[in-house]
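Please read the structure below before turning to the comments.
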Amino acid sequence: MNLVLLGPPGGGKGTQAKRLQDKYGLVQLSTGDMLRAAVAAGSEVGKKAKAVMDAGQLVSDEIVIAIIDERLDQPDVAKGAIFDGFPRTVAQAEALDAMMARKGKKLDFAIEIQVPDAYIVERITGRYTCAKCGAGYHDKFQLPKVAGKCDSCGGTEFARRPDDNVDTVTKRLDAYHAQTAPLLPYYDKKGALKLVNGTMDIADVTKALEGILDAAK
């Protein structure tokens with residue numbers, strides 16, 4: 001089984017992909033991880049990607065598809081893959097479909113984890129960590145048991161990522177909507193699109209995703 005997980009930054013795709021990977025034996029394929037692995041392995045496509053990245057340029061769709069093509073031939077992906085972060089555009093989706101068709105494979109589902117922008121902004125901008133041990137907290141959802149004191153190490157200094165601010169998060173959301181909006185009708189026409197409410201508890205989102213996958217068995 002092969003699926004694409006869509007969803008805004010901070011929407012929980014990574015968490016859910018890991019859970020599906022563990023239960024169904026699928027492999028989470030992140031384009032960033034695959035690029036780094038191909039470069040480290042020194043494969044032909046990896047060398048091409050390295051040259052482009054060393055020049056400070058964006059890796060082309062052609063190179064990304066070639067890396068996915070190479071990755072899908074590895075034995076650990078036999079049960080299927082979860083595409084995380086790709087495709088981002090209709091052109092990439094078409095290229096992915098064509099590549100998989102050549103391999104006799106297909107995408108079974110494109111699942112969007114839907115989370116309202118306001119919820120994402122609140123979720124991301126409220127995050128902070130213990131400066132000493134890195135334990136994570138949130139202004140609203142996960143406060144330390146004792147105010148100002150880390151539950152894990154007792155540290156009293158905390159830090160926030162500089163890009164966890166309203167302006168940056170809003171720009172990332174705008175980019176996501178602009179890029180992803182055309183993908184939804186594309187996959188809907190193929191009968192592959194499924195929608196899941198991402199504001200539920202993590203376990204409930206997982207159950208909804210499992211329901212989609214189990215129904216297809």
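The values are calculated or read from the model by the stated rules, or taken from the named source; none is laboratory data. Predicted model, so just to flag it, every value in this text is computed and none were measured. With ideal geometry, Cβ positions are generated from the backbone for all residues, glycine too; neighbour counts draw on all protein chains shown. Areas reflect the complete protein model, heavy atoms only, side chains present, ligands, DNA and RNA absent. Shrake-Rupley method; radii C 1.70, N 1.55, O 1.52, S 1.80 Å.
At a glance:
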{"quantity": "Estimated 222 nm signal from helices in the chain, with DSSP H stretches of n ≥ 4 weighted -39500 (n - 2.57), rounded to 500", "calculated": "-14500 deg cm²/dmol"}
{"quantity": "Mean accessible surface per residue for the chain, computed with a 1.4 Å probe while every protein chain stays in place, in Å²", "calculated": "54"}
{"quantity": "Under 12 Å, Cβ to Cβ, from Asn197 - net charge with Lys/Arg +1 and Asp/Glu -1", "calculated": "-1"}
{"quantity": "For Val45, net neighbour charge (Lys/Arg +1, Asp/Glu -1) across residues whose Cβ lies under 14 Å away", "calculated": "-1"}
{"quantity": "Long-range HN-HN contacts of Lys194 with modeled amide H, under 5 Å", "calculated": "Ala110, Ile111, Glu112"}
{"quantity": "Inter-site label distance for Asp22 and Lys190 at 7 Å from Cα along Cβ, in nm", "calculated": "2.9"}
{"quantity": "Cα centre as origin, Lys/Arg/Asp/Glu Cβ charges: segment 99-198 dipole, Debye", "calculated": "560"}
{"quantity": "For the chain, built as a Gaussian network whose Cα springs stay under 10 Å, the top-fluctuating residue of Ile68, Ile202, Ile124", "calculated": "Ile202"}
{"quantity": "Farthest positive-ward along the chain dipole, Cα basis, beta-carbon charges - from Val169, Phe109, Met200", "calculated": "Met200"}
{"quantity": "Partners for Lys106 among aspartates and glutamates (Cα-Cα distance below 18 Å; same-chain residues under 8 apart left out)", "calculated": "Asp69, Glu70, Asp73, Asp76, Asp84, Glu94, Asp97, Asp188, Asp214"}
{"quantity": "Among Leu58, Leu195, Leu35: highest mean-square fluctuation, GNM of the chain, C-alpha pairs under 10 Å", "calculated": "Leu58"}
{"quantity": "About the Cα centre, charge dipole magnitude for segment 38-149 (Lys/Arg +1, Asp/Glu -1 at Cβ), debye", "calculated": "620"}
{"quantity": "Theoretical FRET efficiency, 1/(1+(r/R0)^6), r = Cβ-Cβ of Ala40 and Gln74, R0 22 Å, to 0.05", "calculated": "0.95"}
{"quantity": "³J(HN,Hα) computed for each position of segment 39-53 - Karplus, 6.51 cos²θ - 1.76 cosθ + 1.60, integer Hz, glycine/proline x", "calculated": "5, 5, 6, x, 5, 4, 5, x, 5, 4, 4, 4, 4, 5, 5"}
{"quantity": "Chain lengthening between Lys103 and Ala159 when straightened (0.36 nm per residue, less Cα-Cα)", "calculated": "15.5 nm"}
{"quantity": "Distant-in-sequence amide H partners of Gln28 (H built 1.01 Å from N, under 5 Å)", "calculated": "Ile82"}
{"quantity": "Out-of-range pairs (alpha-carbon distance over 19 Å; input Lys105/Lys217; Lys194/Lys217; Lys79/Lys105; Lys103/Lys207; Lys48/Lys103)", "calculated": "Lys103/Lys207; Lys48/Lys103"}
{"quantity": "Reported label for calculated P(r) over Cα pairs in 10 Å bins from 0, in percent given (i) 7, 28, 33, 23, 8, 1; (ii) 7, 28, 28, 21, 11, 4, 1, 0; (iii) 8, 35, 39, 17, 2, 0", "calculated": "(i)"}
{"quantity": "With every protein chain in place, segment 70-217: carbon and sulfur % of accessible area (1.4 Å)", "calculated": "52"}
